[in-house]
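Visitor: Below you will find the structure I want to go over with you.
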Amino acid sequence: MYFIRTPFVFQKLFSKIIWNLPNRASVIYLTFDDGPNPETTYWILEQLEKYNAKATFFCLGVNAEKYPDLIRKIIEVGHTIDNHGYEHLNGWKISSEKYQQNIIKGKEVLETLTENEVKLFRPPYGKFKISHHSHFQSKMILWSLMPGDFDATISSPQCFKNISTKIKQGDIICLHDSTQAQNHLQYCLPNWLEFIYNKGLKSENIIL
């Protein structure tokens, strides 16, 4: 189960987490989790370039080690790299110590490859414990819109509609740079970018 639009009550309960960035008019923030992945990343970058759209890629350290050239490519064309952990761990099922080690290792791998400080962390699945949160050294960022590009139980037109009917300025939109999301992205991403452009919105990097 997932919420397309994150309920406001969650945002109030976890107010230290970044859910959206509503202070700039006509700006939204596309984000891609779980990469890099050669089957999808290059194609995503091509689509973004067509509309001069920028995005933030929350990458797994284990994938970054496999595909360092892709990490460098993302940076080279003007996007931002941030941390999704070294492995894609469910924070509800592991100890605080192991979770913290996973965050630190992911951050170290990405900083070595990008030669930049990695300031943001997004927990895999959006799942973490309060005990984890107290140990974070990075700012934690989630999302305000999740259209379900990973969800095989919905159609691609429905996935597209989950953004096009709900988007607001300042939204942080959670997408996925993975083979699981590929089918929906092939249909939705070009159409989303066209829709965003025609609506007078611009996608930018998250820089805090």
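The values are calculated or read from the model by the stated rules, or taken from the named source; none is laboratory data. Predicted model only: the values in this text are computed from it and were never measured. Positions of Cβ are backbone-derived with ideal geometry, glycine not excepted, and every protein chain shown enters the neighbour counts. Only protein heavy atoms, including side chains, enter the accessible area calculation; ligands, DNA and RNA are left aside. Shrake-Rupley method; radii C 1.70, N 1.55, O 1.52, S 1.80 Å.
Visitor: Run through all the Cα pairs of the chain and give the fraction in each 10 Å bin from 0, expressed as whole percent.
Guide: 9, 37, 39, 15, 0
Visitor: Under a crude label model (7 Å from the Cα following the beta-carbon direction), how far is Lys16 from Leu208 in nanometres?
Guide: Label-label distance for Lys16 and Leu208, simple model: 1.2 nm.
Visitor: Tell me whether segment 139-208 comes out rounded, prolate or oblate; compute the Cα gyration tensor, take square roots of the eigenvalues as a ≥ b ≥ c, and use a/c under 1.5 as the rounded threshold. Show your work: numbers first, answer last.
Guide: Working: a/c = 1.80, a/b = 1.24, b/c = 1.45.
Taking the square roots of the gyration eigenvalues as a ≥ b ≥ c, segment 139-208 is oblate.
Visitor: Just to be sure I understand: of the beta bridges DSSP finds with both ends in the chain, what percent are antiparallel, rounded to 5? Don't jump to the answer; show the numbers that get you there.
Guide: Values: 2 of 22 bridges.
The antiparallel proportion sits near 10 percent.
Visitor: Just read off the accessible area of Ser156 with the full protein assembly in place, 1.4 Å probe, to the nearest 10 Å².
Guide: 20
Visitor: With every protein chain present, what accessible area does Thr112 have (1.4 Å probe, heavy atoms only), rounded to the nearest 10 Å²?
Guide: Approximately 100 Å² of Thr112 is accessible to the 1.4 Å probe.
Visitor: Now a separate question. Would you please name the trypsin sites (Lys or Arg not before Pro) within segment 1-33 that are DSSP coil residues with at most 14 other C-beta atoms within 10 Å of their C-beta? Display every interim value, and only then the final one.
Guide: Details: sites: Arg5, Lys12, Lys16, Arg24; in loops: Lys16, Arg24.
Passing sites in segment 1-33 are Lys16, Arg24.
Visitor: Cβ under 13 Å from Thr165's Cβ, Thr165 left aside: what net charge do those residues give with Lys, Arg +1 and Asp, Glu -1?
Guide: Numbers: positive: Arg5, Lys161, Lys166, Lys168, Lys199; negative: Asp171.
Combined, the nearby Lys, Arg, Asp and Glu give +4.
Visitor: Compute the signed sum of charges (Lys and Arg +1, Asp and Glu -1) over the other residues within less than 10 Å, Cβ to Cβ, of His184.
Guide: Details: positive: none; negative: Asp149, Asp151.
Local net charge: -2.
Visitor: Pop a pseudo-label 7 angstrom from the Cα along the beta-carbon direction at both Ile154 and Glu111 and give the gap in nm to one decimal.
Guide: The modelled label-to-label distance comes out at 3.6 nm.
Visitor: Calculated FRET efficiency, Ser164 and Trp43, Cβ-Cβ r, R0 35 Å, to nearest 0.05?
Guide: About 0.95, to the nearest 0.05.
Visitor: If the chain between Arg24 and Glu194 were fully stretched, how many nm would it gain, using 0.36 nm times the residue separation less the Cα-Cα distance?
Guide: Working: separation 170, 0.36 × 170 = 61.20 nm, distance 2.04 nm.
Full extension of this stretch gives 59.2 nm more.
Visitor: Let me ask another. Might you tell me the accessible area per residue for the chain, computed with a 1.4 Å probe and given in Å²? Could you put the intermediate results ahead of the total?
Guide: Numbers: 10230 Å² over 208 residues.
About 49 Å² of surface per residue is accessible.
Visitor: Now, a different point. Give me log10 I(q)/I(0) at q = 0.14, 0.16, 0.17 Å⁻¹ for segment 85-208, Debye formula, one equal scatterer per alpha-carbon, no solvent.
Guide: -0.74, -0.92, -1.00
Visitor: As a test of reading the structure, rank Phe128, Phe57 by solvent-accessible area (1.4 Å probe, protein chains only), most first.
Guide: Numbers: Phe128 25, Phe57 0 Å².
Largest to smallest exposure gives the sequence Phe128, Phe57.
Visitor: Sort Phe10, Phe195 by heavy-atom solvent-accessible area, probe 1.4 angstrom, most to least.
Guide: On the way: Phe10 80, Phe195 55 Å².
Ranked list, largest accessible area first: Phe10, Phe195.
Visitor: Does segment 13-120 classify as rounded, prolate or oblate by the C-alpha gyration tensor (a ≥ b ≥ c root eigenvalues; a/c under 1.5 gives rounded; else a/b over b/c gives prolate, otherwise oblate)?
Guide: It comes out oblate by the Cα gyration axes.
Visitor: For Arg72 and Ser95, compute 0.36 nm times the residue count separating them, minus their Cα-Cα distance, and round to one decimal in nm. Don't skip to the end; give the middle numbers.
Guide: On the way: separation 23, 0.36 × 23 = 8.28 nm, distance 3.23 nm.
Gain on extension, Arg72 to Ser95, equals 5.0 nm.
Visitor: While we're looking at this one, here's another question. Could you work out what % of the accessible surface of the chain is carbon and sulfur, using a 1.4 angstrom probe and leaving DNA, RNA and ligands out of the count?
Guide: Details: 5200 of 10230 Å².
C and S atoms contribute 51 percent here.
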